[in-house]
Amino acid sequence: MTLALSLVRPGLAAVLLMGALAVPASLALAKLPPPSDEAKAKAAEAAAKTAWAGKVDAYLLCKSMDHVAAVYRAQQARAGKPVPPPVATPPCVDPGPFAYAPAAPASAASATSATVSAVKKPAVGQP
């Protein structure tokens, strides 16, 4: 088979090889079980932490831009050059420390209410 592929153009051989590898990979992915509740909780926490990290990055960028603008304005004033008026921007908002509060699972709440309603309902035909 390698002799046959070496006789074919190199680009076509790469396409054939990738196609041959894609079929088993897609079959392996199709057989994965759904993620467990623990895996879903970890994914939700990771998403929350990523969102918080984005807010921290935006805050640090805002603070650094404010610092650069202040230094520029001070340098312009010391040099005796006209200082343009500052542009109004929203204040930098500190997101604070990371705090994640997982949501209560809906299945546990519905199971509790089903148990309570089953206990309260008397069986048909009994006094």
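The values are calculated or read from the model by the stated rules, or taken from the named source; none is laboratory data. None of these values were measured; they are calculated from a predicted model. Because the Cβ atoms are built from the backbone with ideal geometry, glycine has one as well, and the counts that use them run over all protein chains shown. Protein only, heavy atoms only, side chains kept; ligands, DNA and RNA dropped before computing areas. Shrake-Rupley method; radii C 1.70, N 1.55, O 1.52, S 1.80 Å.
Structure above, values below:
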{"read-out": "Inter-site label distance for Ala58 and Phe98 at 7 Å from Cα along Cβ, in nm", "value": "1.8"}
{"read-out": "Counted charge near Thr50, where neighbours are those whose Cβ lies closer than 15 Å (Asp, Glu -1; Lys, Arg +1)", "value": "+1"}
{"read-out": "Sites matching trypsin sites (Lys or Arg not before Pro) across the stretch 10-100 that sit in DSSP coil, with at most 15 neighbouring C-beta atoms within 10 Å", "value": "Lys31"}
{"read-out": "The stretch 35-89 - percent of accessible surface contributed by carbon and sulfur, probe 1.4 Å", "value": "65"}
{"read-out": "From phi via Karplus (6.51, -1.76, 1.60), per-residue ³J(HN,Hα) for the stretch 54-71 in Hz, x at Gly/Pro", "value": "x, 5, 5, 4, 5, 5, 5, 5, 4, 4, 5, 5, 4, 5, 4, 5, 5, 5"}
